[in-house]
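Here's the structure we're looking at; comments come further down.
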Amino acid sequence: MAKDLLTPKLVSELNRFCPGCGHGLIGKIIAQVLEERGVEDRAIQVYAVGCSCLISTVVQADSIQAQHGRAPAVASGVRRARPDAVVYTYQGDGDAAAIGLSESLYAAYRNENYTAIFVNNGVFGMTGGQMAPTTLEGQKTATSIYGRDTSVTGQPFKLAELVAQMPVAYVERCSLTDAKHIAQTKRAIGKAFDNQLAGKGYSFIEILSPCPTNWKMEPVDAYKRLQDIVAGEYKLGVLKDSEEE
Amino acid sequence: MKKLVIYKNRCKACGFCIDQCPKDALSLGDEYNASGYAAVTVDEDECIRCGTCYRVCPDSVFELIEE
């Protein structure tokens with residue numbers, strides 16, 4: 001007999017995200033992965049600033065809020081102080097790829113034994129949809145009203161490719177576009193936590209997530225855009241797996 | 001027989017489950033929940049209890065339990 005499909009115990013009744021936001025879905029997947037491995041009591045989540053800090057309204061694990069962009073540094077400290085804890089960071093693109101780029105890369109460079117969840121929705125969500133490093137070419141945002149001009153502001157920033165250059169355990173980019181890709185995202189997050197529990201080192205999962213509010217789209221159209229447009233620039237798949245080398 | 005439980009108070013009417021449902025069994029109802037959203041409803045005859053809505057819902061509206 002198949003198991004009942006229940007809401008994970010870590011997931012709160014109501015969360016603070018907009019309708020259709022991918023953060024709620026990723027939070028639920030993280031809670032499922034932790035509970036399937038029986039480590040929810042040992043989990044410590046580290047988040048910083050932006051919409052991603054509202055993850056504490058979804059996943060009610062033990063939490064620390066770091067300063068803006070500094071979640072990797074705090075998670076490194078938690079890892080050293082509490083070797084038995086299951087540590088993960090949860091950051092958006094403005095947090096991990098813009099202000100906290102240095103911390104993100106140095107944590108990967110040291111191959112810290114924790115799991116990094118990086119949510120890429122291409123805008124600064126909480127502050128009102130300004131252009132982020134990850135914004136696509138030609139994408140209209142509050143600070144690129146004619147579309148992003150890459151001759152002035154540079155190309156869309158690919159943090160996962162950069163992290164894959166470091167001596168880390170695992171890097172994968174996933175998407176939330178449909179049920180199949182969501183299942184793949186769950187497998188990737190599961191593997192990232194398995195790596196941590198086996199002491200293999202730093203695992204980095206980038207997740208392409210929709211922001212219907214700031215993309216000014218219906219939620220369903222925003223999920224479709226992930227596959228039609230965003231995944232064309234940010235290629236999905238495993239970028240690094242130390243087991244296969 | 002499995003039963004699909006819908007926590008209507010959690011629903012934000014984003015419609016992602018309606019888009020992903022393989023049998024088109026879900027639709028937005030005409031009752032509003034406490035947050036002001038027209039919560040999702042299921043056509044029990046069409047539903048095959050596959051659990052897709054449970055997997056894709058961002059707000060944990062669905063549960064699938066054995067009766």
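The values are calculated or read from the model by the stated rules, or taken from the named source; none is laboratory data. Keep in mind it's a predicted model, so treat the numbers as computed, not measured. For neighbour counting, all protein chains shown are included, and Cβ atoms are generated from backbone atoms with ideal geometry for every residue, glycine included.
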So which residues in the range A:57-78 are of a type in the set (D, E, K, R) and outside any loop (DSSP other than H, G, I, E, B), if there are any at all?
A:D62
Sole exception among (1) in contact with a Ser or Thr (Cβ under 6 Å, 6 or more places away or on another chain); (2) in contact (Cβ under 8 Å) with a residue 12 or more places away in the chain; (3) outside any strand (DSSP E or B) for A:V46, by number
(3)
When the residues of the range A:175-197 are filtered to those that are surrounded by 23 or more Cβ atoms within 10 Å (Cβ to Cβ) and either hydroxyl-bearing (S, T, Y) or outside any helix (DSSP H, G or I) (or both), which remaining residue is nearest to the other protein chains (Cβ to nearest Cβ)?
A:L176
Complete set of residues in the range A:5-32 that are buried (at least 24 other Cβ atoms within 10 Å of the Cβ) and small (G, A, S)
A:G20, A:G22, A:G24, A:G27
Scan the range A:107-123 and give yes if some residue there is out of contact with any helix residue (DSSP H, G or I) (no Cβ under 8 Å at 6 or more places or on another chain) and assigned to a helix (DSSP H, G or I), otherwise no.
yes
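Of A:A96, A:A31, which residue is more than 14 Å from chain B (Cβ to nearest Cβ) and touching a helix residue (DSSP H, G or I) at 6+ places or on another chain (Cβ under 9 Å)?
A:A96 is the lone residue from the list that is more than 14 Å from chain B (Cβ to nearest Cβ) and touching a helix residue (DSSP H, G or I) at 6+ places or on another chain (Cβ under 9 Å).
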Enumeration of residues in the range A:215-229 that are more than 14 Å from chain B (Cβ to nearest Cβ) and either at pLDDT 95 or above or assigned to a loop (DSSP other than H, G, I, E, B) (or both):
A:K216
Does the range A:47-60 contain any residue that is modelled with pLDDT under 95, more than 14 Å from chain B (Cβ to nearest Cβ) and over 20 Å from A:F204 (Cβ atoms)?
yes
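Could you tell me whether A:K200 is over 14 Å from A:N121 (Cα atoms), part of a loop (DSSP other than H, G, I, E, B) and over 17 Å from the mean Cα position of the chain (by Cα)?
yes
Rundown of residues vs (1) part of a helix (DSSP H, G or I); (2) not polar (S, T, N, Q), yes/no style:
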residue: B:K3; (1), (2): no, yes
residue: B:N9; (1), (2): yes, no
residue: B:K12; (1), (2): no, yes
residue: B:C17; (1), (2): yes, yes
residue: B:S27; (1), (2): no, no
residue: B:E31; (1), (2): no, yes
residue: B:I48; (1), (2): no, yes
residue: B:R55; (1), (2): yes, yes
residue: B:S60; (1), (2): no, no
